[in-house]
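To start, the structure itself, in structure tokens.
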Amino acid sequence: MKTWFITGISRGLGKALAQAALARGDTVVGTVREAAPDLEVGHGTLHVLTVDLTDAAAIAPAVSAAFDMVGHIDVLVNNAGYGLLGAIEEATDAEFQRLFAVNVFAPFAIIRAALPVLRRQGSGHILNITSIAGRAPAGSSGLYSATKSALEGLTQSLAQEVAPFGLKATAIAPGAFRTDFLSGHSIRRSQGSEQYAESVGSGIARLDAMAGRQIGDPDKAAAAILELVDTPNPPLHLLLGSDALRRAREKLDVVIDEMDRWESVTRSTDYEEDA
């Protein structure tokens, strides 16, 4: 049995993951912003912490409280987050700062608060829920993509830094899952304008049309994450959903093609080797 710390268990993938862990008898410490979720505890154990992840001063005490409740944590999941749709130019300072506070600064603060205890444990697996948007950004969600790219980069470096302590880290990048992520609960919109109707507005319209028809099953995603944490050699990266796989491969093809076409310019910046 494992003990989990999961942020954002009130809905979406976080709720599905908490439910799956509880169903197999695991212990879950989950954070919510407001009301506790309706979860079937079964043979598991559930502790709920109310935490505002935009309040930086509240994060370290919440992590400390989690360890006090359960003694140790096997899996730490930075899941809580939300989206922001709109052109980068049109986002306000407040929208930008709040988005990064929840999607980047809060996961960083949670990891920083937990690492001293995890290092002493000599074991633990940190899962950062990113997004395919962090690897293959779309024009309609540039700032959201930026937050998820930041979390991807943080995870890659973190995995190298903590490996000597017996700790692991994985960036999990979901595609589109059939949750309420595209609803007002989990996504916000900058004030749109006609100037960006073609490049941004059309992308937002496609997302709106997708709501309720996303290809991803959150319960299957939760099962995949359980499989991930049970394997002795988990990957640094895990894509969830065939749409995420397709977008990742398309992005790699573009990157490799650009690298090949501009290779001579890239190499031209080196010092000349002495003859």
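The values are calculated or read from the model by the stated rules, or taken from the named source; none is laboratory data. Being a predicted model, the structure only gives us computed values, none of them experimental. In this analysis, Cβ positions are derived from the backbone assuming ideal geometry, glycine residues included, and neighbour counts consider all displayed protein chains.
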Worksheet item: For residues in the stretch 101-129 being of a type outside the set (A, V, I, L, M, F, W, C), within 17 Å of the chain's Cα centre (by Cα) and not in a helix (DSSP H, G or I), which is surrounded by the most Cβ atoms within 10 Å (Cβ to Cβ)?
Response: N128
Response to the item:
Filter the stretch 146-180 for residues that are surrounded by fewer than 17 Cβ atoms within 10 Å (Cβ to Cβ) and of a type in the set (G, A, S); the one that is farthest from I88 (Cα to Cα) is G166
Discussion item. Checking N79 against (1) in contact with a strand residue (DSSP E or B) (Cβ under 8 Å, 6 or more places away or on another chain); (2) polar (S, T, N, Q); (3) without any contact (Cβ under 8 Å) to a residue 60 or more places away in the chain, only one condition comes out false. Which one?
Written reply: (3)
Worksheet item: What are the residues in the stretch 1-15 that are surrounded by fewer than 22 Cβ atoms within 10 Å (Cβ to Cβ) and more than 13 Å from L76 (Cβ to Cβ), if any?
Response: M1, S10, R11
Worksheet item: What number of residues in the stretch 135-145 are crowded, with 22+ Cβ neighbours inside 10 Å and either assigned to a helix (DSSP H, G or I) or among the aromatic types (F, W, Y) (or both)?
Response: 2
Practice prompt. Kindly indicate which of L158, L182 is at pLDDT 95 or above and among the aliphatic types (A, V, I, L, M).
Written response: L158
Worksheet item: How many residues does the stretch 12-55 hold that are over 18 Å from the mean Cα position of the chain (by Cα) and within 25 Å of F96 (Cα to Cα)?
Response: 3
Item to complete: Confirm whether V41 is at pLDDT below 95 and over 17 Å from R112 (Cα atoms).
Response: yes
Discussion item. Where the second residue is outside any helix (DSSP H, G or I) and the first is without any contact (Cβ under 8 Å) to a residue 24 or more places away in the chain and lies in the stretch 50-67, which pairs have Cβ atoms under 7 Å and are six or more apart or on separate chains?
Written reply: T50/V32; D52/R33; A58/V51; A58/D52; A65/L49
Worksheet item: Do we have L245 as touching a helix residue (DSSP H, G or I) at 6+ places or on another chain (Cβ under 7 Å), farther than 21 Å from T3 by Cα and at pLDDT 95 or above here?
Response: no
Practice prompt. Quick one: in the stretch 71-100, of everything that is assigned to a helix (DSSP H, G or I) and touching a Phe, Trp or Tyr at 6+ places or on another chain (Cβ under 8 Å), which residue is surrounded by the fewest Cβ atoms within 10 Å (Cβ to Cβ)?
Written response: E89
Fill in: Qualifying residue in the stretch 36-46 (condition: surrounded by fewer than 22 Cβ atoms within 10 Å (Cβ to Cβ) and not in a loop (DSSP other than H, G, I, E, B))
yes
Fill in: Of residues in the stretch 56-70 being under 19 Å from the mean Cα position of the chain (by Cα) and either closer than 30 Å to Y196 by Cα or not small (G, A, S) (or both), the one surrounded by the fewest Cβ atoms within 10 Å (Cβ to Cβ)
I59
